[in-house]
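> Quick one: the structure is below, questions incoming.
Bear in mind these aren't lab numbers, they're just calculated from the coordinates by the rules spelled out. It should be emphasised that the depicted structure is a prediction, and the values quoted were computed from it without experimental measurement. Note that we place each Cβ from the backbone using ideal geometry, even for glycine, and neighbour counts take in every protein chain shown.
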Amino acid sequence: MLRVRGREITVEVNSQQRLTRLLDILRKVGGNPVIASEKRIDPAQDFAWASGPRAAQGGTAAAAEGWEKFWLDAKVPALLDRTPRQAARGRERPYLEAMLRQFEYEAGLLAVDGKTGIDTAWLREQLDMPNDLAD
Amino acid sequence: MQARLSRIHRPGTTAAELAILLGEHYQGVPVAGWLASALLREGSSLARLQDAAELMLSSQDTPSLTALTFAAAVAGAAGDAGEERRLIDQALAADEAGDPDVRLEVIDFISTSGHAAEAVELLELRLKEAPDDDFAGDLYGAAIERAYAAACADETAARERAAVHRFADRTGLVALRDAVSAFLDGTELGEAVQARVTEELWMTDDLDWSPEDRVAFGKLAEEIALATVDPGQDEDETPDDIGDMLADDDPTGVPLRAFAADLSTPAALAASALAWHEHIHYGLWRIDDPVPGPGLRCIDIISGTERYVEFPAEATSGLPRWTVWLGGIVPVGGIWRSTGVGVRLSPTEADAAAESIDEAALAMLHALPGEPEVPPTPIPFGHAMPHGVYADDQEPVSAEMASLIGKVAGAVITRIAADVHRYRATPPAIANTDGDPMCLITATIAVEEGTAAKLAARRDFDRDTGEPDRITWWGALIPDGQREAMMAEAMAQLRAQGHKDVEAPEGP
């Protein structure tokens, strides 16, 4: 949200990156922006997180419609910005296999608490990367 | 070869031809224990198999292991236990002076022909002599699994149940620990062990251990101290000096060796202590199938060493697949056992730990004599190579290299355990929906006259009609795929909450 007052704009953003993007836009439209004042709050200072492994929880939507479907075609930094479908056929395949194993491990942790993790079986089927034990 | 196999399995192949084909295919080594049963299932007549076996036995002055084992398998399938026993004994006697691997192939025949418990007994004998015999270890895993399945299926399978009982029996390990503990009590050596434990705990004083975790870490430190503390060594040889530790092949002053050398120590316990000191293998043991049956097949992702390992029940409860056990395994009575002290790691944590151990091993190998060791770099959590995956395709390193890597892993295991705990206790990075680190910023920006109007004209900005000095910035556009996934998730959550009639909106 931006509030305009004459030749000043007051903005509230939740990251440095977003502030930088806004400044870029302002430059593009010829606004010649100069930050007059700035206040920052780092929420991490006030957070008390529980320790222990943090497993990635699966969504409520079925894998064929939800996060898993999107992830297959998303560029993943850990796969050197290749998509999982690309990585499955390329040199990044071992990194993809490592990610799938981590997902499967985390799903196993969540299952102990009655929760559902990422649907690795569905991902493996889509990627044609079978689970060794099952086959 | 395929054509020959197909003729072996064809019920119409004559007994004489079958005898020749089996001789050609197995070349004097034992047949698979299940072969006769398989041929019968596929339509062969028992009489034809008995004829073929007879021909094979009579065609040579000294029957080959192929002939003996095939005849034993046929006798077993015919229900002639006495003849089967006689032929198996003859096969075992035939290779006694020969290649140990050939004997192991006979034992594998025994294992796969319905006598897993006997195979377990024979393999235990071999592994007591040579716990690092990979072939024997592999066969042992398969044999004890067969014995376990038989014991589960049949309560009267006494020999199989005894084999499983021996496998699960940790009393030897407990007795050794207790005896070493009693031996150290009140001695200078015992004080040195405790000093090491205290030092290790002091070095992790910054950690917010739970009482249980702190106790477990202390036990790990103590276990390492039993094999490494040596008050007789030069003071410069610090506990962390991996190179010095590895260079000393016969550290007689360390507690386990001192215990073994003590004249009052019973011979069996002394042998166990020496076996522990000589063979203990610290590593990152990946567990692909976490359901014990009765043991777990493990592969050390650093050295590629594979072992069939007995774990205490408390160490394996609730293990997810791909868990990696950071800890030591030790042979006791021919069976590899987890010491029970260690840390469960996720696959990615294990990859990072593997990189750190690799680095420590390399630093040690390249260290110049007399030069201080380079301090270790932080464990690369989150950006290590996929060592756990590579372990599937890489050949295991040599036994000597595996031993060296195991010693390095033991030397750094407490540091890794502490760093894993530290890593897990670190708060996660808080990110916004773009994945950027969250930081709440309120900024006042001086701009040129007319800038607000130019912003409001853009598609990604929207001026509030009621309050013209307020402009909403919609931010970056969400990619189509991500938008669909988010919509599917929202719909699924609404339906899960009981909103049965929700429909996806039309359009973007």
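> Can you work out the FRET efficiency for the pair B:Gln27 and B:Ala93, with r the C-beta to C-beta distance and R0 = 25 Å, to the nearest 0.05? Walk me through the numbers on the way to the answer.
Values: r = 20 Å, r/R0 = 0.81.
Calculated transfer efficiency: 0.75.
> I've got another one for you. Per-residue ellipticity at 222 nm for chain B, helices alone: DSSP H runs ≥ 4 residues times -39500 (n - 2.57), over residue total, nearest 500 deg cm²/dmol?
Calculated mean residue ellipticity at 222 nm is -17500 deg cm²/dmol.
> I would also like to ask the following. Which three numbers, in whole Å and largest first, are the semi-axes of the equivalent ellipsoid of the protein assembly as shown derived from its Cα gyration tensor as √(5λ)?
They are 60, 37, 20 Å, listed from largest to smallest.
> Can you give me the long-range amide H partners of B:Arg337? Hydrogens built in the peptide plane at 1.01 Å from N, cutoff under 5 Å, separation of 5 or more residues or another chain.
B:Glu310, B:Val330, B:Val332
> Compute the helix-to-body angle for B:116-129: its Cα long axis versus the longest principal axis of chain B, expressed 0 to 90° and rounded to tens.
80
> Using every Cα-Cα pair within chain B, state what percent have a distance larger than 39 Å.
Numbers: 60412 of 128778 pairs.
Taking all Cα-Cα pairs of chain B, the fraction more than 39 Å apart is 47 percent.
> Okay, next question. Under 8 Å for C-alpha pairs, at least 6 residues apart: give me the relative contact order for chain B, rounded to a whole percent.
Rounded, it is 10 percent for chain B.
> Taking K and R as +1 and D and E as -1, what net charge do the other residues with C-beta under 10 Å from the C-beta of A:Arg89 add up to? Provide the component values of the computation, followed by the final result.
Details: positive: A:Arg82, A:Arg85, A:Arg91, A:Arg93; negative: A:Glu92, A:Asp128.
Charge balance near A:Arg89 sits at +2.
> Now a separate question. Could you please report the charge total around B:Val180, scoring K, R as +1 and D, E as -1 over all other residues with beta-carbon less than 12 angstrom from its beta-carbon? Don't skip to the end; give the middle numbers.
Values: positive: B:Arg177, B:Arg257; negative: B:Asp178, B:Asp185, B:Glu222, B:Glu223, B:Asp262.
Charge balance near B:Val180 sits at -3.
> Now for a separate question. Of B:Gly23, B:Gly406, A:Met99, which is farthest along the charge dipole of the protein assembly as shown in the positive direction, counting Lys and Arg as +1 and Asp and Glu as -1 at C-beta?
A:Met99
> Please order A:Met99, B:Met438 by the number of other Cβ within 10 Å, starting at the fewest.
In increasing order of surrounding Cβ atoms, one gets B:Met438, A:Met99.
> Highest mean first, how do B:165-176, B:404-415 rank when packing is the count of other Cβ atoms within 10 Å averaged over residues? Numbers along the way, then the final one.
Values: B:165-176: 16.2, B:404-415: 22.6.
In decreasing order of mean packing, B:165-176, B:404-415 become B:404-415, B:165-176.
> Mind running the shape call on the range B:174-425? Use the C-alpha gyration tensor, a ≥ b ≥ c as the square roots of the eigenvalues: rounded below 1.5 for a/c, prolate if a/b tops b/c, oblate otherwise.
Rounded shape, in that the Cα axes give a/c under 1.5.
> Considering every residue in B:379-389, what mean count of other chain Cβ atoms within 10 Å of its Cβ is obtained? Write out the running numbers ahead of the final one.
On the way: counts 0, 0, 0, 1, 2, 1, 3, 11, 2, 5, 9.
For peptide B:379-389, the averaged partner shielding equals 3.
> Please report, in debye to the nearest 20, how large the charge dipole of the protein assembly as shown is about its Cα centre when each Lys and Arg carries +1 at its beta carbon and each Asp and Glu carries -1 there.
Dipole size: approximately 2960 debye.
> Here is a follow-up. For A:Lys75, B:Lys454, what's the fewest-to-most ordering of other Cβ within 10 Å of each Cβ?
Final ranking by Cβ density, sparse to dense: A:Lys75, B:Lys454.
> A further question follows. Among A:Arg82, B:Arg159, which comes first, second and so on when ranked by fewest other beta-carbon atoms within 10 Å?
B:Arg159, A:Arg82
> Quick one: angle between helix B:267-279 and the longest Cα principal axis of chain B, in degrees between 0 and 90, rounded to 10, please.
50
> Amide H of A:Ala36: which non-local residues (sequence gap of 5 or more, or other chain) have their own amide H closer than 5 Å, using H built in the peptide plane?
Here B:Thr444, B:Ile445, B:Ala446 satisfy the definition.
> Note the angle between two axes, namely the Cα long axis of helix B:81-94 and the longest principal axis of the Cα atoms of chain B, as a number of degrees from 0 to 90, rounded to the nearest 10.
Once rounded, one gets 80 degrees.
> Setting aside same-chain residues fewer than 8 positions from A:Lys28, which lysines have a Cα under 24 Å from its Cα?
The qualifying lysines are B:Lys454.
> Another question about this same structure. Using a 10 Å cut-off around each Cβ of peptide B:340-348, what is the average number of partner chain Cβ atoms that fall inside?
3
> Still on this structure, please answer the following. Averaged across B:322-328, how many Cβ atoms of other chains sit within 10 Å of each residue's Cβ atom? Display every interim value, and only then the final one.
Values: counts 9, 3, 1, 0, 0, 0, 0.
Mean inter-chain Cβ contacts per residue within 10 Å come to 2.
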